[in-house]
Each structure stands twice: as structure tokens, then as C-alpha cells.
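Trainee: Structure below; questions to follow.
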There are 2 protein chains.
Amino acid sequence: MTYHSSGISIDAVRLLSRIEQLGQIGRDGEDRLVRLAASDADKSGRDALVSWMKEADLEVAVDRIGNIFGIWRASSAEDQAPIMIGSHIDTVIDAGVYDGCYGVLSGLEVIQSLRSAGFVPSRPIVVAAFTNEEGVRYTPDMMGSLVYAGGLPVEEALASVGTDGTVLGEELARIGYAGSKEPGFLKPHAYVELHIEQGPVLEKAGVQVGAVENLQGISWQRITIEGVANHAGTTPMSLRADAGYAASRVISFLRDRAASSPTPTVATVGCISFEPNAVNIIPSRAVFTVDLRDPNEDRLQAEEAALADFLIELAAAEKVTIATERMARFTPVTFDRAIVKLVEAAAEQRGLSSMRMTSGAGHDAQMIARICPAAMIFVPSIGGISHNPREFTPEADLVAGANVLLDVVSQLASKQ
Amino acid sequence: MTYHSSGISIDAVRLLSRIEQLGQIGRDGEDRLVRLAASDADKSGRDALVSWMKEADLEVAVDRIGNIFGIWRASSAEDQAPIMIGSHIDTVIDAGVYDGCYGVLSGLEVIQSLRSAGFVPSRPIVVAAFTNEEGVRYTPDMMGSLVYAGGLPVEEALASVGTDGTVLGEELARIGYAGSKEPGFLKPHAYVELHIEQGPVLEKAGVQVGAVENLQGISWQRITIEGVANHAGTTPMSLRADAGYAASRVISFLRDRAASSPTPTVATVGCISFEPNAVNIIPSRAVFTVDLRDPNEDRLQAEEAALADFLIELAAAEKVTIATERMARFTPVTFDRAIVKLVEAAAEQRGLSSMRMTSGAGHDAQMIARICPAAMIFVPSIGGISHNPREFTPEADLVAGANVLLDVVSQLASKQ
């Protein structure tokens with residue numbers, strides 16, 4: 001696929017205004033942005049999106065899991081598989097305004113700008129807002145796109161019970177977003193998702209556009225180490241079975257191994273607790289989590305195996321017992337090479353610096369990649385901060401990213 | 001001082017029976033032994049002790065902080081400074097039956113046995129039960145002996161507010177143990193305390209009697225490490241400021257240093273917490289405690305300094321900030337050499353194995369050592385377990401320890 005610029009750009013003022021407007025919907029009493037999936041606040045956000053879709057003269061469709069689609073069926077292209085642009089508009093608690101919303105609103109903007117500029121697509125172009133990407137109220141996260149891609153039966157997803165005891169299907173019906181379309185009713189020709197990076201790589205590198213070529217596999221484990229509680233003053237070092245010390249060895253092992261490796265593997269211990277958790281008692285138990293990620297499945301398995309080997313040695317050396325429990329496991333996703341190259345070419349054409357990169361976070365794109373060629377475009381996150389009101393991307397970067405999206409979509413939907 | 005056996009032994013059946021009886025007083029609804037200082041349960045325990053003191057024809061005195069004294073003033077010795085045998089009968093929550101009570105009841109047994117055998121002491125012999133050694137309801141711990149030795153004004157101690165909002169002075173008056181004697185009213189000639197080891201050393205060594213020559217200094221610190229919270233998937237290892245990893249380095253440093261040193265230094269990290277404590281977020285903050293102990297003050301200071309140096313290096317290397325806060329600090333106590341030798345000689349005379357050792361825990365003896373020569377005798381704790389219903393010392397060891405106490409006291413109170 002060679003690159004031909006459409007010469008069209010998005011309406012920056014309209015895009016930034018909509019991001020700001022959507023970011024004001026769902027503020028709680030403490031002015032925190034909270035639009036949990038299928039809540040009243042989510043309904044308000046959805047209503048705003050649908051009104052903008054209608055303003056752009058798009059056909060609006062909602063499927064049974066509540067995914068919203070704004071469809072531009074150009075008469076020339078009705079029978080073709082569509083280009084889909086997607087992300088989500090649900091948020092975490094006390095969220096920033098960009099995560100997800102930026103991708104959906106940019107998709108809408110791209111369609112509206114192409115259309116008003118007289119662009120004639122060879123296939124329909126669809127903007128999608130997937131239900132419950134964040135997974136705060138209902139699990140699993142990335143639920144709407146997972147169901148859409150056939151990875152989870154819709155009935156099972158609708159039966160999900162929330163942290164507040166509600167049932168997702170009932171809540172979707174209550175807010176008027178239990179649609180009638182079967183998930184997967186539009187089979188995309190290609191899928192593109194524009195998102196803030198949520199990490200520091202682009203900012204640190206001083207690069208404006210990330211051409212996301214893959215998405216890390218994730219391995220979550222909970223590790224429980226059992227030692228023997230004893231008096232901190234009366235128990236000689238040689239007679240201890242210290243679960244806390246053993247935990248510290250695992251934390252150091254993971255970090256030192258990942259930091260000294262030339263691979264992009266990342267390893268994190270984010271949660272920990274000791275029992276009995278008293279100043280003068282040697283811990284009898286330490287429980288902690290391990291988050292391992294790598295874009296290559298073989299390497300991720302090798303890291304898991306290295307940890308397992310280390311735990312066996314450690315248990316013997318420290319006279320402790322160690323149990324591991326798998327909390328979550330996702331294999332890595334490789335995005336479509338041709339679309340990644342289009343992202344690079346579009347950035348170059350616009351005079352923007354770009355770099356290939358890996359997504360460290362999970363996104364709807366990883367689910368939709370199961371059913372069609374897919375890729376992602378990242379823009380910088382200042383300080384790498386997200387899931388936080390301090391989440392921030394400069395306006396110039398937001399506009400640049402949306403124009404790259406426009407160029408990629410117009411290429412994918414061009415008549416060649 | 002040369003050793004001359006009195007030829008007298010304690011009444012083992014009476015001692016063991018009283019330990020068992022006292023261990024049944026203060027059982028809560030879950031059958032847990034709980035006699036917190038100045039509680040109703042403590043009153044019941046005190047009443048039993050006082051009734052046994054009267055049964056042994058001792059003069060009972062109570063001082064203003066509630067310490068109870070059973071005094072044998074042999075007519076030959078009235079004007080001499082007394083030999084004091086002491087410990088405590090308050091307990092932790094869900095306690096064993098030996099900690100403290102064994103020492104007090106053995107002291108009573110020693111006096112009663114010496115007296116009924118016709119022993120003629122050159123000085124009064126006193127058994128003391130000090131108030132609030134455990135420090136669970138009121139702080140500080142070892143309070144009664146600290147006040148007795150002049151280390152804390154009695155008014156200040158009586159004003160102590162408990163975890164339940166009560167005031168110690170009011171509670172002592174309520175249970176009838178706010179005495180009239182000024183703390184310190186009996187100035188001891190020497191002090192001996194018999195106690196279970198609360199550690200595994202004697203059991204592991206297969207030795208019956210510990211001649212306790214010193215008591216560790218204790219240094220407690222709370223360490224707070226501040227890093228930067230970031231996404232576990234999107235933040236490369238090289239760009240992290242991981243407070244949790246830095247904490248693991250400190251834990252490993254302390255343990256590896258103490259374990260590889262030929263000194264008796266012990267180091268423990270018993271409490272820890274991470275913030276925000278989420279599986280997929282790099283910890284922004286780690287808070288943990290450090291318990292360092294050594295019987296030598298210079299070495300304890302050297303260990304504190306080594307830790308401080310390590311923290312400075314670590315903060316720079318890991319891009320974190322580290323703050324330390326002193327929670328408690330006690331200098332080591334060296335017990336009286338002559339009494340320690342008497343303990344060894346008494347054990348040998350009884351055909352018991354003995355070893356010199358360090359007390360890793362705090363005891364009333366460390367306070368009374370401020371005002372007179374003092375030492376302690378330890379008996380084995382099976383598994384090193386204490387502050388727990390599984391606290392256990394075989395009867396033969398309990399009896400042997402009490403007989404060694406009798407011999408030491410009779411030597412100290414003999415007419416030479």
C-alpha cells in the first residue's frame with residue numbers, strides 16, 4: 001500500500017471542544033470525573049456522543065452489549081466491510097479526560113471532516129465506542145470489544161454482577177443502551193485506535209507519534225510465602241524462616257533481572273502484605289503480586305519459568321513454602337504491519353516524528369485484532385500519567401494524532 | 001562469692017499447680033487468656049497472688065503504681081536491704097501461661113520453701129509483681145519496674161491513657177491496687193528474675209538453664225520511601241522510581257548483613273505497606289519498620305550508621321527519597337557478673353547444663369538493674385514460642401529453673 005495524502009485535516013477546534021465537553025459530563029460532588037460503565041453518568045456521556053454522531057449525519061447503532069456505532073455508509077461503498085475506528089468513553093474513578101474519549105471523538109472527527117471535505121470512501125467508515133473498557137464496575141475489562149470479537153458470550157457478559165451488586169444487562173436496559181444488534185454485526189476490514197500513550201516513552205524520546213506495532217502479553221500472579229512467626233529479639237538470624245525477607249528477595253530478583261535484560265520485559269510488585277505485621281515479630285506470611293509483561297510470548301513464558309525456578313531455590317534456601325496463583329494471563333498481540341507502516345508514513349507526510357512502540361497497557365484494539373487487521377496510534381502522555389486528573393497531552397499533539405488517524409483511515413478507505 | 005548449697009528444694013507440685021491456677025484466671029469468651037494491666041481480669045490474678053502470699057505468711061505491700069510485694073522479714077535481717085525476686089503477672093491478648101507468671105510464682109515458691117525448711121536469711125527476701133510489663137493497654141511497657149527504678153515519674157505513669165480510653169491511675173484505684181507505698185520504697189541489695197526464654201536458643205542447644213549476662217539494646221525505626229507511581233505496563237524499567245523495590249533492597253541489606261556477621265546482631269522488618277497497593281501500579285510509597293538489636297551499644301550504633309549510609313546510597317541510585325523516624329531506643333543492659341556466676345554454679349551443683357546468653361526481649365530486670373546488681377535465669381521455650389497459647393516449657397525445666405533460683409537467692413541471702 002503506497003501512501004497518498006488526502007490533503008484533508010480535522011477541525012481542531014471542534015475536536016478539542018468536544019473533548020472538553022465530554023470531560024465535564026459525570027463530575028461527582030468532589031468534581032471528580034467518574035463515568036463507570038452503564039451508570040447514569042455513562043448514560044449522559046453516551047447521550048452526548050450519540051447527539052454528536054447524529055449532528056454528523058451518521059447512522060447510530062447499538063449492539064446487545066451496549067457498544068455504540070456511528071456509521072458513515074457512503075452510497076458508493078455500502079456492501080463493503082467497513083473501516084472501524086474505536087475506543088471507549090467509560091472511565092475509572094477520578095479519571096483524566098483523554099483516556100478512551102480522545103480516540104472515540106477523534107474517530108468521529110475524522111469521519112465528519114472527511115465527509116464535509118467531499119472525500120469518497122471505497123467502504124463504510126465506522127466510529128465505535130466499546131462498553132466497559134475500564135472494568136472498574138464490572139469485570140472483565142475491555143468487555144465490549146471482547147464480546148464484539150466473539151471472545152465472551154454476550155449473555156455471560158450481560159449477567160456480570162458489579163461491585164455495587166447491580167447486573168450489567170439490567171443497568172444497560174435501565175439507561176437505554178441495551179441495543180438489538182448482535183455483537184460482531186459489522187465485520188471490519190481494518191481497525192485503528194488512537195489513544196494517549198499512558199506511559200512516558202514518547203515524551204522522554206521527544207517524539208510526537210507512536211506507531212504501535214504490538215501489545216504486551218500480561219502475566220499476573222499472586223505469591224504467598226509461609227515462614228515462621230518468631231520474636232524479633234530472641235530468634236538468631238540462623239534460625240529464622242522469614243517470609244518477609246523471602247518476599248524482598250523475589251522483588252529484587254524480578255527487578256534486577258528485568259532491568260539488566262536487553263529485552264522490553266517489565267516486572268512489577270505493586271501489592272504486598274505481611275502477617276502478623278508487627279514491629280517485633282518475624283513475618284510468618286508475605287503475600288504479594290507479580291505483574292510481568294513482554295510483547296513476545298516466548299520471552300514472557302521464559303520470564304515466568306525463571307521466576308518459578310527462583311521460587312523453588314528460594315523456598316529451599318530460606319526454609320519457607322511458596323505458593324503461586326495465576327490472577328490473569330493475556331498473550332501478546334502483534335498488530336498489522338501494513339497499518340503500522342501507514343501510521344509511520346502519515347506521520348512523516350505531516351512532518352511529525354514517529355517511532356515504533358509497544359503498548360504496555362491493554363486496549364480494545366487487542367480484542368478487535370482477533371477479527372481483522374488492527375493497529376494503534378499513540379500520542380505523548382506528559383509524565384506518563386493516566387487514570388488520574390493530571391493526565392495531560394498538549395493540544396498540538398492531540399491535533400497531530402487525529403490528523404494522522406485521518407490520513408491512515410483515508411488511505412485504508414481509498415478506492416485503490 | 002563461693003557457692004554453698006542450702007540443700008533445700010522447692011515444692012514442685014505446689015508451683016506447677018499455682019501456674020496452672022493462675023493460667024485459668026482471666027479467660028475470655030473464646031477461652032483466650034487475657035489479663036491486661038489494671039483490668040478486672042488483672043484484679044482477679046492479683047487477688048490470687050495476694051492470697052497465696054498471705055498463705056505463705058508474707059507481708060503484702062502495694063506501691064502507688066500498683067506493684068505488689070510479698071515480703072519475708074526474718075527477724076534476724078529486718079534492717080538489711082532485701083533480695084528481690086520479680087517479674088509480672090499481666091499478660092498480652094491470647095497469652096500463654098508462663099510469661100512473667102512463672103517468675104513471680106517461682107519467687108513466692110522459693111521464699112515459702114526456704115522458710116518452711118528453716119533457712120535463716122541475712123536479709124529480707126521479697127517477691128515482686130510489677131504492674132503493666134506487657135504494655136498492651138498502657139504504654140510504655142515495663143512500666144511498673146521503670147517507675148520503681150525512678151525512670152518515670154509515678155504521676156506521669158498514672159496519667160497514662162489506655163487503648164480503651166481509660167486512665168491507669170483510675171483503673172488501679174477501681175480494682176483496689178492503687179497502693180500507698182512510694183515506688184522504690186524497698187532498695188534491693190540484689191535482684192533476680194526467672195523467665196522463660198521466649199526464644200529457641202536453649203532448646204536448640206539442648207541446654208536446661210540460661211545464665212543471662214546481658215540484655216540487647218533495641219533500635220526501632222520507621223522508614224518511608226517515596227518514589228513515583230506509574231503504570232506497570234507502560235513504564236520502562238529504566239524510568240522507574242519504585243519505592244517497593246527500594247524497600248526490598250533495605251530488607252535484604254539488613255538481613256544479609258546481620259546473617260553474615262559474627263556478632264549477635266539481629267535485624268527484622270516486621271511491618272510493611274505499599275501505596276497505592278495496586279497490582280498494575282509501581283508503588284509510589286513504601287513504609288516499613290526496622291527492629292535492630294545488639295547487646296553491645298557500640299555495635300548497635302554501628303549497625304544504625306551502616307543502615308543510614310545504605311539509605312543515602314539507595315536514595316541516589318533509585319531516584320527515591322527516604323525518611324527515617326525513631327520509634328524506640330533502649331541501650332543494652334549488662335547484668336551483674338557475680339550473680340551470673342552464681343547462676344552457673346547453682347546449675348552445675350544441681351547437675352543441670354547451663355550456658356551464658358543474651359536476652360533478646362525486654363524484661364523488668366533491665367529496669368531494676370538501674371538501682372542494684374541484677375541478673376536473670378532463663379529456661380527453654382519449646383519452639384521459641386511466646387505471646388501465644390502454644391507457649392510451652394516442660395515441667396522438669398520449670399522445676400529445675402525454680403530450684404536454681406532458690407539456690408541463687410539463698411546464696412545471696414546467706415549470712416556470709
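The values are calculated or read from the model by the stated rules, or taken from the named source; none is laboratory data. Keep in mind it's a predicted model, so treat the numbers as computed, not measured. All Cβ positions, glycine included, derive from the backbone under ideal geometry; neighbour counts span all protein chains shown.
Trainee: With the requirement that a residue be without any contact (Cβ under 8 Å) to a residue 60 or more places away in the chain, farther than 16 Å from A:Tyr245 by Cα and surrounded by 23 or more Cβ atoms within 10 Å (Cβ to Cβ), what does the range B:266-308 give you?
Mentor: B:Ile282, B:Pro283
Trainee: Moving to a separate point now. Within the range B:334-366, how many residues are under 21 Å from B:Val266 (Cα atoms) and either surrounded by fewer than 21 Cβ atoms within 10 Å (Cβ to Cβ) or free of Cβ contacts under 8 Å to residues at least 24 places away in the same chain (or both)?
Mentor: 3
Trainee: Pick from the range B:195-211 the residues that are under 15 Å from the mean Cα position of the chain (by Cα) and in a loop (DSSP other than H, G, I, E, B): which of them is nearest to A:Val290 (Cα to Cα)?
Mentor: Among residues in the range B:195-211 that are under 15 Å from the mean Cα position of the chain (by Cα) and in a loop (DSSP other than H, G, I, E, B), the one nearest to A:Val290 (Cα to Cα) is B:Gly199.
Trainee: Identify, by number, the condition in (1) over 18 Å from B:Ile223 (Cβ atoms); (2) more than 9 Å from chain A (Cβ to nearest Cβ); (3) modelled with pLDDT under 95 that B:Arg299 doesn't meet.
Mentor: (3)
Trainee: Pick from A:Gln80, A:Gln21: which is in contact with a Lys or Arg (Cβ under 6 Å, 6 or more places away or on another chain), surrounded by fewer than 20 Cβ atoms within 10 Å (Cβ to Cβ) and in contact (Cβ under 8 Å) with a residue 12 or more places away in the chain?
Mentor: Of A:Gln80, A:Gln21, the one residue that is in contact with a Lys or Arg (Cβ under 6 Å, 6 or more places away or on another chain), surrounded by fewer than 20 Cβ atoms within 10 Å (Cβ to Cβ) and in contact (Cβ under 8 Å) with a residue 12 or more places away in the chain is A:Gln80.
Trainee: Which is at positive phi and surrounded by 23 or more Cβ atoms within 10 Å (Cβ to Cβ), of A:Gly70, A:Gly86, A:Gly100?
Mentor: Matching residue, one of A:Gly70, A:Gly86, A:Gly100: A:Gly100.
Trainee: Could you please let me know if B:Phe310 is over 25 Å from the mean Cα position of the chain (by Cα) and of a type in the set (Phe, Trp, Tyr)?
Mentor: Against the criterion (over 25 Å from the mean Cα position of the chain (by Cα) and of a type in the set (Phe, Trp, Tyr)), B:Phe310 qualifies.
Trainee: Report, by residue number, each residue of the range B:1-34 that is hydroxyl-bearing (Ser, Thr, Tyr) and either in contact with a His (Cβ under 7 Å, 6 or more places away or on another chain) or within 15 Å of B:Leu406 (Cα to Cα) (or both).
Mentor: Within the range B:1-34, B:Tyr3, B:Ser5, B:Ser6, B:Ser9 qualify.
Trainee: Could you pull out the residue among A:Ala315, A:Ala369 that is within 14 Å of the chain's Cα centre (by Cα), away from every other protein chain (no Cβ under 13 Å) and buried (at least 16 other Cβ atoms within 10 Å of the Cβ)?
Mentor: Every option except A:Ala369 fails the conditions.
Trainee: Moving on to the next point. Report whether or not B:Asp309 is at the interface with chain A (Cβ under 10 Å from one of its Cβ atoms) and among the charged types (D, E, K, R).
Mentor: no
Trainee: Another question about this same structure. Quick check: anything in the range A:398-407 in contact with a Pro (Cβ under 6 Å, 6 or more places away or on another chain), buried (at least 16 other Cβ atoms within 10 Å of the Cβ), among the polar types (S, T, N, Q) and touching a residue at least 40 places away in the same chain (Cβ under 8 Å)?
Mentor: no
Trainee: So A:Ser75 passes all but one of these: (1) among the hydroxyl-bearing types (Ser, Thr, Tyr); (2) surrounded by 24 or more Cβ atoms within 10 Å (Cβ to Cβ); (3) at pLDDT below 95. Which condition number does it fail?
Mentor: In the conditions (1) among the hydroxyl-bearing types (Ser, Thr, Tyr); (2) surrounded by 24 or more Cβ atoms within 10 Å (Cβ to Cβ); (3) at pLDDT below 95, A:Ser75 misses (2) alone.
Trainee: Filter the range A:24-48 down to residues that are at positive phi and surrounded by 20 or more Cβ atoms within 10 Å (Cβ to Cβ), then give me how many there are.
Mentor: Qualifying residue count, the range A:24-48: 2.
Trainee: Another question, if that's okay. With the checklist (1) over 29 Å from A:Pro82 (Cβ atoms); (2) buried (at least 24 other Cβ atoms within 10 Å of the Cβ) in hand, flag the one item A:Tyr138 doesn't pass.
Mentor: (1)
Trainee: Could you grab me the full set of residues in the range B:180-206 that are buried (at least 20 other Cβ atoms within 10 Å of the Cβ) and away from every other protein chain (no Cβ under 14 Å)?
Mentor: Answer for the range B:180-206, where residues must be buried (at least 20 other Cβ atoms within 10 Å of the Cβ) and away from every other protein chain (no Cβ under 14 Å): B:Pro183, B:Pro188, B:Ala190, B:Tyr191, B:Val192, B:Glu193, B:Leu194.
Here's the yes/no breakdown for (1) in a loop (DSSP other than H, G, I, E, B); (2) more than 8 Å from chain B (Cβ to nearest Cβ); (3) modelled with pLDDT of 95 or more:
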site	(1), (2), (3)
A:Glu213	no, yes, yes
A:Trp220	no, no, no
A:Ile225	no, yes, yes
A:Thr235	yes, no, no
A:Tyr245	no, no, yes
A:Asn277	yes, no, no
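Trainee: Would you list the helices (runs of 4 or more DSSP H) that sit entirely within the range A:106-194 and hold 2 or more residues that are at positive phi and at pLDDT below 95?
Mentor: none
Trainee: Sticking with this one: Pick from the range A:253-264 the residues that are at the interface with chain B (Cβ under 8 Å from one of its Cβ atoms) and crowded, with 18+ Cβ neighbours inside 10 Å: which of them is nearest to B:Arg257 (Cα to Cα)?
Mentor: For the range A:253-264, the residue satisfying everything is A:Arg255.
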